[in-house]
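Let me begin by presenting the structure, written as structure tokens, before commenting on it.
The values are calculated or read from the model by the stated rules, or taken from the named source; none is laboratory data. Worth saying up front: this structure is predicted, and the values here are computed from it rather than measured. Positions of Cβ are backbone-derived with ideal geometry, glycine not excepted, and every protein chain shown enters the neighbour counts.
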Amino acid sequence: MQQIVTLPKPVIAAVAGVATAAGCQLIASCDLAIATDKATFCTPGVNIGLFCSTPMAALTRNVSRKQVMEMLLTGKSSDASTAKEFGLINRIVPSEYLDTAVMKYAAVIASKSPLTLKIDKEVFYRQADFRWKTPTTITPT
């Protein structure tokens, strides 16, 4: 999943069906995500006595904490509208237009400078993962 983030080119997820656990992790790891109006999303581990800790890592980088906790603690399936509201996907399209929509985004992105895209993506993820550090206290000698 980390390789998706470090690829120099943007990666678009096309979601046509059910995305559970690692499927949600994969979508959260992609740069953009387009889903059909029939797609569903779920982290169901809690339903069988497990915690979806690996998908949780990618989800918490893309979805607000409250929504991620809702997904993880309830194990409920969410529709595409909820996934978009949560910030997991960018767009919802009718099933018959999924490939067309993905190719449209890909064409727009491909028309841009590859070097600019590489730099933009790298800088975006670097700053998104930045953690403020507590300054070191300097004691006088």
State yes or no: is ALA21 among the hydrophobic types (A, V, I, L, M, F, W, C) and on the phi > 0 side of the Ramachandran plot? yes
The number of residues in the stretch 1-20 that are within 20 Å of ILE92 (Cα to Cα) and surrounded by fewer than 21 Cβ atoms within 10 Å (Cβ to Cβ) is 8
Which residue is surrounded by the most Cβ atoms within 10 Å (Cβ to Cβ), if the candidates are limited to the stretch 25-52 and must be more than 26 Å from TYR105 (Cβ to Cβ) and out of contact with any Cys (no Cβ under 7 Å at 6 or more places or on another chain)? CYS52
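I'd like to verify a number: residues in the stretch 59-92 that are among the aliphatic types (A, V, I, L, M), in a helix (DSSP H, G or I) and within 13 Å of CYS24 (Cα to Cα), how many?
Selection size over the stretch 59-92: 6.
Quick one: is LYS121 part of a helix (DSSP H, G or I), surrounded by 14 or more Cβ atoms within 10 Å (Cβ to Cβ) and modelled with pLDDT under 95? Talk me through it step by step, then tell me what you get.
Values: part of a helix (DSSP H, G or I): yes; surrounded by 14 or more Cβ atoms within 10 Å (Cβ to Cβ): yes; modelled with pLDDT under 95: yes.
Against the criterion (part of a helix (DSSP H, G or I), surrounded by 14 or more Cβ atoms within 10 Å (Cβ to Cβ) and modelled with pLDDT under 95), LYS121 qualifies.
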Filtering the stretch 98-118 down to residues that are exposed (fewer than 15 other Cβ atoms within 10 Å of the Cβ), of a type outside the set (A, V, I, L, M, F, W, C) and assigned to a helix (DSSP H, G or I) yields ASP99, THR100, LYS104, PRO114, THR116, LYS118
